[in-house]
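Here's the structure, in structure tokens; my notes come after.
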Amino acid sequence: MKIEHIAIWVRDLEKMKEFYETYFAGTSTEFYHNKKTGFHSYFINFDSGSRLELMSKQHLSPRVADSLGYTHIALSVGTKADVDAYVEKFLAAGFPLLNGPRTTGDGYYEAVIQDPEGNLLELTTD
């Protein structure tokens, strides 16, 4: 078994696509639009084989922080130095650093940032 992809609802599909392409070297599929339902999406493909689906439609409910369900996406970016470099890049671009970089009690070296729409991204070592 493997997770085929993870999907997130977004407000600004183009801005989010650009973020994941720019900062994580993702490659986007063609824009998909279901005219019948008003659904729009892109798949972002990463070199590792992982995929992220960015989806949008009208009338989405706002997020409730710290609720049950999905909480973050962990992205392995390489070494401790790589995690630190990503943190510096995100801070320079104005993205908030919520935690770290640090070694957690269970041994992960990580930092937690937010993407442009507030989704939590945990940057970790390989």
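The values are calculated or read from the model by the stated rules, or taken from the named source; none is laboratory data. Fair warning: this is a prediction, and the values are worked out from it, not measured in the lab. Methodologically, a virtual Cβ is constructed for each residue, glycine included, from the backbone with ideal geometry; neighbour enumeration extends over all protein chains shown. These area figures cover heavy atoms from the full protein model, side chains too; ligands, DNA and RNA do not enter into them. Shrake-Rupley method; radii C 1.70, N 1.55, O 1.52, S 1.80 Å.
For every residue, the table says whether it meets (1) over 15 Å from the mean Cα position of the chain (by Cα); (2) more than 24 Å from LYS2 (Cα to Cα).
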| position | (1), (2) |
| --- | --- |
| THR22 | no, yes |
| TYR70 | no, no |
| LEU75 | no, no |
| GLY78 | yes, no |
| ALA111 | no, yes |
| ASP115 | no, yes |
| LEU120 | no, no |
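Tell me, yes or no, whether the range 41-58 has at least one residue that is without any contact (Cβ under 8 Å) to a residue 60 or more places away in the chain, under 21 Å from GLY118 (Cα atoms), open to solvent by 40 Å² or more (accessible area, probe 1.4 Å) and β-branched (Val, Ile, Thr). Checked the range 41-58: no residue is without any contact (Cβ under 8 Å) to a residue 60 or more places away in the chain, under 21 Å from GLY118 (Cα atoms), open to solvent by 40 Å² or more (accessible area, probe 1.4 Å) and β-branched (Val, Ile, Thr). The set of residues in the range 32-55 being in a loop (DSSP other than H, G, I, E, B) and over 22 Å from MET1 (Cβ atoms) consists of LYS35, LYS36, THR37, GLY38. Inspection of the range 96-105 identifies at least one residue that is surrounded by 13 or more Cβ atoms within 10 Å (Cβ to Cβ) and closer than 25 Å to GLU14 by Cα. The single condition among (1) of a type outside the set (S, T, N, Q); (2) under 27 Å from ASP126 (Cα atoms); (3) open to solvent by less than 60 Å² (accessible area, probe 1.4 Å) that HIS5 does not meet is (3). Scanning the range 14-31 for residues that are over 22 Å from GLY78 (Cα atoms), open to solvent by 60 Å² or more (accessible area, probe 1.4 Å) and in a helix (DSSP H, G or I) yields GLU14, LYS15. The test for being out of contact with any Ser or Thr (no Cβ under 6 Å at 6 or more places or on another chain) and either on the phi > 0 side of the Ramachandran plot or in contact (Cβ under 8 Å) with a residue 40 or more places away in the chain (or both) holds for LYS15.
Residues in the range 68-126 that are charged (D, E, K, R) and free of Cβ contacts under 8 Å to residues at least 12 places away in the same chain: GLU88, ARG102, ASP106.
Just one of (1) among the polar types (S, T, N, Q); (2) touching a strand residue (DSSP E or B) at 6+ places or on another chain (Cβ under 7 Å); (3) at pLDDT 95 or above fails for ASN119. It is (3). Among the residues in the range 19-36, are any under 28 Å from ASP84 (Cβ atoms), at pLDDT below 95 and of a type in the set (Phe, Trp, Tyr)? Checked against the condition, which is being under 28 Å from ASP84 (Cβ atoms), at pLDDT below 95 and of a type in the set (Phe, Trp, Tyr), the range 19-36 yields no hits at all.
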